[in-house]
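Visitor: Quick one: the structure is below, and I'll ask about it shortly.
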Amino acid sequence: MSQAERYRAAGVDLEAAEAAKLKIAELVASTRTPFTRGAIGAFGGMVRVPEDLESPVLVCSTDSVGTKVLVSIRADRHDTVGEDLVNHSVNDVLVHAARPLAFLDYVAVAGVTTDVIAALVEGVARGCRRHTMALIGGETAQLPELYQPGHYDLAGTIVGVVDERAGLHGSDVRPGDVVIGCASSGLHTNGYTLARRIVFHDLGLDIDDHVPDLGRTVGDELLEVHRSYWEALAPVLRDVHALAHVTGGGIAGNLVRVLPEGCAARIERARWDVPPIFRWLQASGGVTTDEMYDVFNMGIGMIAVVPPIGVDALRASCRGVGVDTWVIGEIEVGAGVRLV
């Protein structure tokens, strides 16, 4: 028995892994930017820091798309979760006013074909190209004893950069500031454990089932790509006092992270229309309103805190790229976030 045959019998296909590397190299090459340095396939990825910043600070974040990959596997549609991962990560560094510079991905698989791996990385590469960001490296690991056959996990690390003086930390937030909610494109990448339980277990639905309340199939709704807010908010960052990416923990759990001492946020739920997916999940699963707001974004994917003078410009910038916004609350004296 050859070495390749022994590995294949153990669940690791060396030939398939080599084919995947060649395809990934093509995708990585498609994302190179003027800041990219080093060779593709090197042990480390290299990227130059832009020279137009006087005091550049790197802003780094690592995340995954969680159990949304189980929906992708169930649907046999693998080219969207990579884009989810990139957009989620871009939003996380955008909160600090950092522009995306470089990205690294991690794909762990078991018994997954080369085509599936290529589709995953194509989604990552597409997200990187959209943000003029280099995919400078990553890892594809075959772990047959760790994952079920046909399953995979997907995670990534983003490197952003911002001039130290322009970084957002929430310290400029003041009572009297206005809280603006930017529309999400659905569930984004959080709450999928609860959503899957309701849809696939409680309701017994499957990927191709059409849901009249949503006007589309289960798969199309649950695999809607996580929206990036870079294009909408980058032009007006200097007028923003704070940003909060609404992920796990919901509106209150994320907005509170950017409120300085002495400031509270009062959010009025009636100021925006909760999208049908959330109303349908709540009714179908018998979920309390409090739990819905703790688990899901409820239609608000990013929150901006701005002085009153900056409201119109921010809303116009978002509107220009098709992102709906609502004035959802105000900053008051106090502490914490109140949803009323």
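Visitor: Quick one: what pairs do we get from the range 279-294, first residue outside any helix (DSSP H, G or I), second surrounded by 18 or more Cβ atoms within 10 Å (Cβ to Cβ), C-beta under 7 Å, 6+ apart or different chains?
Guide: Matching pairs, first to second residue: Val287/Leu281.
Visitor: Let me ask something else. Of all residues in the range 126-162, which are closer than 27 Å to Trp230 by Cβ and either assigned by TED's automatic domain parsing to the domain that holds Leu259 or not in a strand (DSSP E or B) (or both)? Working first, answer last.
Guide: Here is the first cut: in the range 126-162, the residues closer than 27 Å to Trp230 by Cβ are 126-140, 152-162.
Passing the criteria: Arg126, Gly127, Cys128, Arg129, Arg130, His131, Thr132, Met133.
Visitor: Right, something else. With out of contact with any strand residue (DSSP E or B) (no Cβ under 8 Å at 6 or more places or on another chain) and either outside any helix (DSSP H, G or I) or of a type in the set (S, T, N, Q) (or both) as the only criterion, which of Val199, Val225 stands out?
Guide: Val225
Visitor: Report every pair of residues separated by at least 6 positions or lying on different chains whose Cβ atoms are under 6 Å apart, first residue within the range 250-270 and modelled with pLDDT of 95 or more, second part of a helix (DSSP H, G or I).
Guide: Gly250/Tyr293; Gly250/Asp294; Ala265/Leu255
Visitor: It is to be established whether one or more residues within the range 321-340 are assigned to a helix (DSSP H, G or I) and within 17 Å of Ser184 (Cα to Cα).
Guide: Step one: of the range 321-340, the residues assigned to a helix (DSSP H, G or I) are none.
Taking every residue of the range 321-340 in turn, none turns out to be assigned to a helix (DSSP H, G or I) and within 17 Å of Ser184 (Cα to Cα).
Visitor: Separate question: Could you list, in sequence order, the residues of the range 277-330 that are surrounded by fewer than 21 Cβ atoms within 10 Å (Cβ to Cβ) and polar (S, T, N, Q)?
Guide: Across the range 277-330, the qualifying residues are Gln282, Ser284, Thr288, Thr289, Ser317.
Visitor: Of these, Leu205, Leu187, which one is part of a loop (DSSP other than H, G, I, E, B), surrounded by fewer than 18 Cβ atoms within 10 Å (Cβ to Cβ) and touching a helix residue (DSSP H, G or I) at 6+ places or on another chain (Cβ under 7 Å)?
Guide: Of the residues listed, the single one that is part of a loop (DSSP other than H, G, I, E, B), surrounded by fewer than 18 Cβ atoms within 10 Å (Cβ to Cβ) and touching a helix residue (DSSP H, G or I) at 6+ places or on another chain (Cβ under 7 Å) is Leu205.
Visitor: Does the range 170-180 include one or more residues that are touching a helix residue (DSSP H, G or I) at 6+ places or on another chain (Cβ under 8 Å), surrounded by fewer than 19 Cβ atoms within 10 Å (Cβ to Cβ) and modelled with pLDDT of 95 or more?
Guide: Restricting attention to the range 170-180, the residues satisfying the condition of being touching a helix residue (DSSP H, G or I) at 6+ places or on another chain (Cβ under 8 Å) are 170, 173, 176-180.
Subset that is surrounded by fewer than 19 Cβ atoms within 10 Å (Cβ to Cβ): 176.
So of that shortlist, the ones also modelled with pLDDT of 95 or more come out as 176.
Yes, the conditions are met somewhere in the range 170-180.
Visitor: In addition: Go through the range 27-80 and give me each residue that's in contact with a Lys or Arg (Cβ under 6 Å, 6 or more places away or on another chain) and either aliphatic (A, V, I, L, M) or part of a helix (DSSP H, G or I) (or both).
Guide: Result: Met46, single match.
Visitor: Okay, moving on. Answer yes if at least one residue in the range 273-283 is acidic (Asp, Glu), assigned by TED's automatic domain parsing to the domain that holds Thr193, under 26 Å from Val65 (Cα atoms) and modelled with pLDDT under 95, and no otherwise.
Guide: yes
Visitor: So, in the range 129-143, exactly how many residues are in contact with a strand residue (DSSP E or B) (Cβ under 6 Å, 6 or more places away or on another chain) and surrounded by fewer than 17 Cβ atoms within 10 Å (Cβ to Cβ)?
Guide: 3
Visitor: May I ask you to verify whether His96 is touching a His at 6+ places or on another chain (Cβ under 8 Å), more than 20 Å from Gly138 (Cα to Cα) and either modelled with pLDDT of 95 or more or not small (Gly, Ala, Ser) (or both)?
Guide: Criteria met by His96.
Visitor: If you don't mind, there's one more thing I want to ask. List pairs: first in the range 317-340 and among the acidic types (Asp, Glu), second part of a strand (DSSP E or B), Cβ under 7 Å, 6+ apart or cross-chain?
Guide: From the range 317-340, the pairs are Asp324/Ala183; Glu330/Val178; Glu330/Val179; Glu330/Arg266; Glu332/Ala264; Glu332/Arg266.
Visitor: Among Val107, Val116, Val112, which is assigned to a strand (DSSP E or B) and more than 13 Å from the chain's Cα centre (by Cα)?
Guide: Step by step, each of Val107, Val116, Val112 is checked, and only Val107 is assigned to a strand (DSSP E or B) and more than 13 Å from the chain's Cα centre (by Cα).
Visitor: Can you find even one residue in the range 217-225 that is at pLDDT 95 or above, farther than 27 Å from Arg315 by Cβ and surrounded by fewer than 18 Cβ atoms within 10 Å (Cβ to Cβ)?
Guide: Yes, the range 217-225 contains a residue that is at pLDDT 95 or above, farther than 27 Å from Arg315 by Cβ and surrounded by fewer than 18 Cβ atoms within 10 Å (Cβ to Cβ).
Visitor: Here's a follow-up. Let me spell it out: the conditions are (1) part of a helix (DSSP H, G or I); (2) more than 20 Å from Leu120 (Cβ to Cβ), and Gly170 meets all of them except one. Which number is the exception?
Guide: All conditions are met except number (1).
Visitor: So, in the range 20-35, of the ones that are closer than 19 Å to Ile158 by Cβ and at pLDDT below 80, which residue ends up surrounded by the fewest Cβ atoms within 10 Å (Cβ to Cβ)?
Guide: By that ranking, first place goes to Leu27.
The values are calculated or read from the model by the stated rules, or taken from the named source; none is laboratory data. Only a predicted model underlies this, so the values are computations on that prediction, with no experimental measurement involved. Ideal geometry is used to build each Cβ from the backbone, glycine not excepted, and the neighbour counts take in all protein chains shown.
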